[in-house]
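Asks: This is the structure I want to talk about, given as C-alpha cells.
What follows is calculated from the coordinates using simple rules that are stated; it is not laboratory data. Model, not experiment: these values are computed from the prediction. Backbone-built Cβ (ideal geometry, glycine too); neighbour counts: all protein chains shown.
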Amino acid sequence: MKLLIIEDEKGLREVIQESLEKEHFLVESAGDFRTALDKIVSFNYDCILLDIMLPGGNGLDILQELKNLGKSDNVIIISAKDSLDDKLKGLNLGADDYLTKPFHIAELTARVKSVLRRKSFDGKSTIEIANLKLDPDERTLLINDQPLLLNRKEFDILMYMVVNKNRLVNKTSLAEHVWGDHMDEADDYEFIYSQIKNLRKKMRDSGADVEIQAVYGIGYKLVQP
C-alpha cells in the first residue's frame with residue numbers, strides 16, 4: 001500500500017513516515033503545497049495524510065484538485081485546526097477522516113488501516129479470493145488454509161493485483177505503487193519481472209486457484225481460470 005504524507009513540519013513528517021514504514025507501507029512525503037500538488041497529479045495513492053495549513057497553499061485545495069481529477073485516493077486530514085467548519089469542508093470535499101493535532105502515532109496508524117479496509121476491502125480484516133486468504137495487517141497469505149511465505153515486495157504486488165482483480169495493471173502503475181519514487185533509479189523493469197516470476201511460481205506450486213497472467217508488452221492481470 002502506498003501512502004503520501006503532506007505535512008510541512010519536518011520532524012512530525014519524518015516521525016509519521018518512519019512509523020508507517022515499520023508497518024510495511026510504502027511512504028512518500030511532501031512538505032509544501034506545490035510539491036504535494038505535483039505528486040497527486042502524477043501518482044495515485046491508497047491513502048493521503050493531509051495537513052490543511054501548508055507553505056504556498058491550503059490543503060483543502062489539494063482535496064478539491066483530487067475531486068476535480070476524479071481520483072478516489074483515501075484522505076485523512078491531520079491538522080491543528082479543530083474548528084467544525086474545517087472538518088465539514090474537508091469531509092464535504094471527500095476526506096475520509098479527520099485527526100486533530102497533537103495525536104498519538106498509534107492512533108494515526110489505526111485510522112489509516114481502518115480507512116484502507118473500509119474503502120478497499122469492505123471493512124473486512126482479511127481478504128478472500130478463491131482459495132486465497134490475505135491478512136493486510138499481519139501481511140500473511142494462506143492458500144488452502146496453508147501459510148505461504150512471501151517477501152515484502154511479493155506481498156505488495158499480490159495485494160495490488162487482488163485489489164485490481166480482473167483489471168489490466170500496466171507495468172508503470174505497478175512499479176509506482178510498489179516501489180514509489182525509487183522506480184526512477186531503475187533502468188528497466190527487470191526488478192518487476194523477477195518478483196512477479198517468483199510470486200507466480202510460489203502461487204502455482206501451492207495450488208492457488210488464481211493466477212497472475214502476463215499481457216505481453218503491457219502488464220499483468222489477476223484472474224481465476
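Asks: When 1/r is averaged over all different Cα pairs and the result inverted, which Kirkwood radius in Å belongs to the stretch 28-154? Could you put the intermediate results ahead of the total?
Replies: Values: mean 1/r = 0.0617 Å⁻¹.
Value: 16.2 Å, from the Cα pair sum.
Asks: For a quick size check, give me the Cα extents of the chain along its three principal axes, largest first, whole Å.
Replies: The principal-axis extents, from largest down, are 55, 37, 30 Å.
Asks: Through the Karplus equation 6.51 cos²θ - 1.76 cosθ + 1.60, θ set to phi - 60°, convert the phi angles of the stretch 58-71 into ³J(HN,Hα) values in whole Hz; use x for Gly and Pro.
Replies: Once rounded to whole Hz, the list reads 10, x, 5, 5, 5, 4, 4, 5, 4, 5, 5, 7, x, 8.
Asks: Quickly work out the Leu91-to-Arg139 label distance, labels modelled 7 Å from Cα along the C-beta direction, and quote it in nm with one decimal.
Replies: Going by the 7 Å Cα→Cβ label model, 3.4 nm.
Asks: Quick one: which residues, 5+ away or cross-chain, put their amide H under 5 Å from the amide H of Leu49? H built at 1.01 Å from N.
Replies: For Leu49, the qualifying residues are Leu4, Ile5, Ile6, Ile76.
Asks: Next question. Taking other Cβ within 10 Å of each residue's Cβ, how do His177, His104, His24 sort, fewest first? Don't jump to the answer; show the numbers that get you there.
Replies: Working: His177 23, His104 9, His24 13.
Exposure proxy ranking, most exposed first: His104, His24, His177.
Asks: For the stretch 149-162, take each phi angle, set θ = phi - 60°, evaluate the Karplus expression 6.51 cos²θ - 1.76 cosθ + 1.60, and give the result in whole Hz per residue in order, putting x for glycine and proline.
Replies: Each residue of the stretch 149-162 in turn: 7, 10, 7, 4, 5, 4, 5, 4, 5, 4, 4, 5, 5, 5 Hz.
Asks: Quick check: residue separation of Asn151 and His104 times 0.36 nm, minus the Cα distance between them. What number comes out in nm? Walk me through the numbers before you get to the answer.
Replies: Working: separation 47, 0.36 × 47 = 16.92 nm, distance 2.94 nm.
Length difference between fully extended and current span is 14.0 nm.
Asks: Using amide H atoms built in the peptide plane, which far-off residues or other-chain residues are under 5 Å from Gly57 H to H?
Replies: Under 5 Å from the amide H of Gly57 lie the amide H atoms of Phe33, each far enough along the sequence or on another chain.
Asks: While we're here: Strictly greater than 14 Å: what percent of every Cα pair in the stretch 135-181 meets that? Walk me through the numbers before you get to the answer.
Replies: Numbers: 587 of 1081 pairs.
Value for the stretch 135-181 (Cα pairs over 14 Å): 54 percent.
Asks: Okay, moving on. Using a Cα-Cα cut-off of under 19 Å, which lysines could be cross-linked to Lys22, ignoring same-chain neighbours fewer than 8 residues away?
Replies: Those lysines meeting the cut-off are Lys2, Lys10, Lys113, Lys153.
Asks: Further question on the same structure: Using the count of nearby Cβ atoms within 10 Å as a rough guide to exposure, how do Tyr193, Tyr45, Tyr98, Tyr216 rank from fewest to most? Kindly include the intermediate steps, with their values, before the conclusion.
Replies: Details: Tyr193 12, Tyr45 24, Tyr98 20, Tyr216 5.
Result, fewest neighbours first: Tyr216, Tyr193, Tyr98, Tyr45.
Asks: Per-residue ellipticity at 222 nm for the chain, helices alone: DSSP H runs ≥ 4 residues times -39500 (n - 2.57), over residue total, nearest 500 deg cm²/dmol? Present the calculation step by step, with values, prior to reporting the outcome.
Replies: Working: 8 runs with 96 residues, N = 225.
Counting only the DSSP helices, I get -13000 deg cm²/dmol.
Asks: What are the residues whose amide H is under 5 Å from the amide H of His24, where those residues sit 5 or more places off or on another chain and H is modelled from the backbone?
Replies: Under 5 Å from the amide H of His24 lies no amide H from a residue far enough along the sequence or on another chain.
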